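J.: Have a look at this one.
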Amino acid sequence: DLSDIAALSRRAWSLFPSRVVGDRSIDLELPIPGRSGSRRIGKMNDADVSKQIQQMVRFIRQEAEEKANEISISAEEEFNIEKLQLVEAEMKKIRQEYERKEKQVEIRKKIEYSMQLNASRIKVLQAQDDLVNSMKEDAAKELLNVSHHHHILNVTHHDHEYKHLLKELIVQSLLRLKEPAVLLRCRKDDAHLVESALESAKEDYAAKANVHPPDIIIDHKVYLPPAPSHHHAHGPSCSGGVVLASIDGKIVCENTLDARLDVAFRKKLPEV
């Protein structure tokens, strides 16, 4: 810095008793301690002038070196501080980026785990549904055998069992409806069994409900669909049972074997 060098020069010149102008020396008056007034210093030769100049140069150089050293140390400290700040800032960015990517990886893992878990649940539910449907098909075949025995095999024992089953289904339906008069529908093949079991069903219902026996009208115009067969595999079918309704048709109790099977298996379906 030129201002610092100029200040050092002025300080250096102030240390010497004379100044050199051109090739001449100028005498300076210095105060004499303990005396009043001053004394004059004699003229300086070239050797003394050169010596003083060398001393002044060394002084200026020393001061300049110290100043330069201070500037260098200060600059290095500022550099280290700024470098540390930059390093910390970059490290913070790296940590934030790492945390962001780590969160993304965790979220991706959770999504993949959830998808795999859902896929496993769907497989389990599908297996349960297939098993339930298979069991339902087997049960439907067994129900079909129950209602077919009385007219296919023509066995009196099975005929009596199915007739008793029809009577119990009628009584149960009457207890559900609690109507004084009802309309009954059955399969055409079961009409004679229903007619033979009707009076017994009325008496059982009247005894259980403590009411007068109801009027039961068998619908001979509209029958329930016939039992399933190979000829009507895709059409409506009924494995047996009865359907009772109020006279106005507003209340219906479907008590067929197929309906009861659906209710039983609906409770066993897997929950989603």
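The values are calculated or read from the model by the stated rules, or taken from the named source; none is laboratory data. Just so you know, these numbers come straight off a predicted model, no measurement behind them. Here Cβ is always computed from backbone atoms with ideal geometry, including for glycine, and neighbour counts include all displayed protein chains.
J.: If GLU254 satisfies every condition in (1) part of a strand (DSSP E or B); (2) within 19 Å of VAL146 (Cα to Cα); (3) in contact with an Asp or Glu (Cβ under 8 Å, 6 or more places away or on another chain) but one, which is the exception?
T.: Going through the list (1) part of a strand (DSSP E or B); (2) within 19 Å of VAL146 (Cα to Cα); (3) in contact with an Asp or Glu (Cβ under 8 Å, 6 or more places away or on another chain), GLU254 breaks only (3).
Listed here are the residues, each with its yes/no results for (1) outside the structural domain of LEU177 (by TED's automatic domain parsing); (2) crowded, with 16+ Cβ neighbours inside 10 Å; (3) touching a residue at least 40 places away in the same chain (Cβ under 8 Å).
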{"position": "ALA209", "(1), (2), (3)": "no, no, no"}
{"position": "ASP215", "(1), (2), (3)": "no, no, no"}
{"position": "LYS221", "(1), (2), (3)": "no, no, no"}
{"position": "SER229", "(1), (2), (3)": "no, no, no"}
{"position": "PRO236", "(1), (2), (3)": "no, no, no"}
{"position": "VAL242", "(1), (2), (3)": "no, yes, yes"}
{"position": "ILE247", "(1), (2), (3)": "no, no, yes"}
{"position": "ARG260", "(1), (2), (3)": "no, yes, no"}
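J.: Next up: Could you tell me whether MET91 is in a helix (DSSP H, G or I), in contact with a helix residue (DSSP H, G or I) (Cβ under 9 Å, 6 or more places away or on another chain) and at pLDDT 85 or above?
T.: Working: in a helix (DSSP H, G or I): yes; in contact with a helix residue (DSSP H, G or I) (Cβ under 9 Å, 6 or more places away or on another chain): no; at pLDDT 85 or above: yes.
Criteria not met by MET91.
J.: Can you report the number of residues in the stretch 162-188 which are assigned to a helix (DSSP H, G or I) and either of a type in the set (A, V, I, L, M, F, W, C) or out of contact with any Gly (no Cβ under 9 Å at 6 or more places or on another chain) (or both)?
T.: At the first step, the residues of the stretch 162-188 found to be assigned to a helix (DSSP H, G or I) are 162-177, 188.
If we keep only those that are either of a type in the set (A, V, I, L, M, F, W, C) or out of contact with any Gly (no Cβ under 9 Å at 6 or more places or on another chain) (or both) too, we end up with 163-177, 188.
Counting residues in the stretch 162-188 that are assigned to a helix (DSSP H, G or I) and either of a type in the set (A, V, I, L, M, F, W, C) or out of contact with any Gly (no Cβ under 9 Å at 6 or more places or on another chain) (or both) gives 16.
J.: What pairs can you find where one residue is in the stretch 174-196 and free of Cβ contacts under 8 Å to residues at least 12 places away in the same chain and among the polar types (S, T, N, Q), the other is in a helix (DSSP H, G or I) and surrounded by 20 or more Cβ atoms within 10 Å (Cβ to Cβ), and their Cβ atoms are less than 9 Å apart, with a gap of 6+ or different chains?
T.: none
J.: Take the conditions surrounded by 10 or more Cβ atoms within 10 Å (Cβ to Cβ), free of Cβ contacts under 8 Å to residues at least 60 places away in the same chain and out of contact with any Cys (no Cβ under 9 Å at 6 or more places or on another chain) and apply them to LYS93. Does it pass? Steps first, answer last, please.
T.: On the way: surrounded by 10 or more Cβ atoms within 10 Å (Cβ to Cβ): yes; free of Cβ contacts under 8 Å to residues at least 60 places away in the same chain: yes; out of contact with any Cys (no Cβ under 9 Å at 6 or more places or on another chain): yes.
Taking the combined requirement at face value, the residue satisfies it.
J.: Could you check the stretch 236-253 and list, in sequence order, the residues that are touching a helix residue (DSSP H, G or I) at 6+ places or on another chain (Cβ under 7 Å) and among the small types (Gly, Ala, Ser)? If you could, list the steps in order and put the result at the bottom.
T.: Our first condition is that a residue be touching a helix residue (DSSP H, G or I) at 6+ places or on another chain (Cβ under 7 Å); within the stretch 236-253, this holds for 238-242, 244, 246, 251, 253.
Scanning the stretch 236-253 gives SER239, GLY240, GLY241, SER246.
J.: Within the stretch 169-207, can you find the residues that are among the acidic types (Asp, Glu) and either crowded, with 16+ Cβ neighbours inside 10 Å or within 59 Å of the chain's Cα centre (by Cα) (or both)?
T.: Kept after step one, since they are among the acidic types (Asp, Glu), are these residues of the stretch 169-207: 179, 189-190, 195, 199, 203-204.
Across the stretch 169-207, the qualifying residues are GLU179, ASP189, ASP190, ASP204.
J.: Could you list, in sequence order, the residues of the stretch 119-140 that are closer than 16 Å to ARG260 by Cβ and out of contact with any Phe, Trp or Tyr (no Cβ under 9 Å at 6 or more places or on another chain)?
T.: Once the filter is applied, which keeps residues that are closer than 16 Å to ARG260 by Cβ and out of contact with any Phe, Trp or Tyr (no Cβ under 9 Å at 6 or more places or on another chain), the stretch 119-140 yields GLU137, ASP138, ALA140.
J.: How many residues does the stretch 92-144 contain that are in the same structural domain as ALA259 (by TED's automatic domain parsing) and within 28 Å of the chain's Cα centre (by Cα)?
T.: 0
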